[in-house]
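No value in this document is a laboratory result; all are computed from the given coordinates. Quantities reported herein were computed from a predicted structural model and do not represent experimental measurements. Every residue, glycine as well, gets a Cβ built from its backbone with ideal geometry; the counts of neighbours run over all protein chains shown.
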Amino acid sequence: MEAQQVFDRLWADYISQNPAAKRVYDLFTAEGETVYNDHIAFRTFNDPRINIEVLSQEFLKVGYEYKGSYNFEQKKLNAKHFEHKTFKDAPRVFISELRTEEFSPFLQETVKGIIDAIPSGMTGKSELIYAGNLWGTPSFEVYEALRKESEYAAWVYVYGFRANHFTVSINGLKKYDTIRKVNQFLKDNGFIINASGGEVKGTPGELLEQSSIMAGILPVKFKEGTFEIPSCYYEFAMRYPDSDGKLYSGFIAKSADKIFESTDFYKK
Ligand code: OOG
Ligand code: NI
């Protein structure tokens, strides 16, 4: 499979899950813009059956290579980013994993339980990135209990494996050529910008500016009934050249730490 096919498949699932993402995409194209992806991101747990190592395989197969590692002390996460070896316009891939051993026995047992419930033959497989939730209808009670410890754990418990967000490359836009213009356009169209740590994360001096809209609050079927909870979000990134004139290509942990909060609850 070519890299493009991998992204097409992930995109189709992402927009069917998140109508707001498609609306953002359509708003930009209606303005005459071409939307290029800066990166996409996945979430998982650090169990060797489903960890970063496993989720990255599908990308390594289509020509990606490892580029950088990140540590999120407070959220207890590891992350790695990957880039395509030859297609410089291919989106970067950012994959994070929760260090479950740093949480309560309840969280650890819950996570072990859902991984044990993954049909045999799927664990360790690169196709996991398309698989979604492989452990059946979630319990709202468990979701709420996980959320007290880690919003991230609760999110993965419900949604499983899928692109958590796509990211519009502002460098690829013509009219909306600053992150402030992009944010204003989104707000004018009724979207809520993640304001944790400020609406713009990072500075031109740090060579990366990022913003995101809060994940849509959508109905999800739980064992106890249907409840509205945050789904996926959309991010926007503007990169700047370093002193050698080369566009910065990494991620900034301090900014990413706040971007993760785009799947927090907020008042509609
Ligand atoms: C990832 C958050 C970090 C970035 O670009 O810094 C991130 C997530 O929410 O899973 O996407
Ligand atoms: Ni991102």
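Here are a few things to note about the model shown:
- Note, ³J(HN,Hα) from phi for segment 189-194, Karplus 6.51, -1.76, 1.60, rounded to Hz, x at Gly and Pro: 9, x, 8, 9, 7, 5
- Inter-part distance, segment 89-114 to segment 115-174, computed on C-alpha centroids, equals 9 Å.
- Residues whose amide H comes within less than 5 Å of that of Tyr36, counting only those at least five positions distant or on another chain, are Ser169 (H built at 1.01 Å from N in the peptide plane).
- Greater than 23 Å apart at Cα, pairs in Lys61/Lys88; Lys80/Lys174; Lys201/Lys246: Lys80/Lys174
- Estimated from helices alone, the mean residue ellipticity of the chain at 222 nm is -9500 deg cm²/dmol (sum of -39500 (n - 2.57) over DSSP H runs with n ≥ 4, per residue).
- Dipole magnitude for the chain: computed about the Cα centre from +1 point charges on Lys and Arg Cβ and -1 point charges on Asp and Glu Cβ, it is near 280 debye.
- Under a Gaussian network description of the chain, with springs only between Cα atoms under 10 Å, the residue in Arg43, Arg92, Arg180 that fluctuates furthest is Arg180.
- For Tyr64, residues with placed amide H under 5 Å, excluding near neighbours: Lys85
- Between the amide H of Thr44 and those of Ser96, Glu97, Leu98, distances stay under 5 Å, these residues lying 5 or more places away or on another chain, with hydrogens modeled in the peptide plane.
- Mean Cβ count within 10 Å, highest first, over the residues of peptides 65-72, 158-165: 158-165, 65-72
- Applied to segment 217-229, the Karplus parametrisation 6.51 cos²θ - 1.76 cosθ + 1.60 on θ = phi - 60° returns per-residue 3J(HN,Hα) values of 8, 10, x, 10, 7, 10, 4, 8, x, 9, 10, 8, 9 Hz, with x for Gly and Pro.
- Backbone N within segment 130-172 under 18 Å of label point (7 Å from Ser104 Cα along the Cβ vector): 139-158
- Count Lys and Arg as plus one, Asp and Glu as minus one, and take only other residues whose Cβ is under 12 Å from that of His81; the net charge is then 0.
- Alpha-carbon centroids, segment 1-25 and segment 230-268: separation in whole Å: 19
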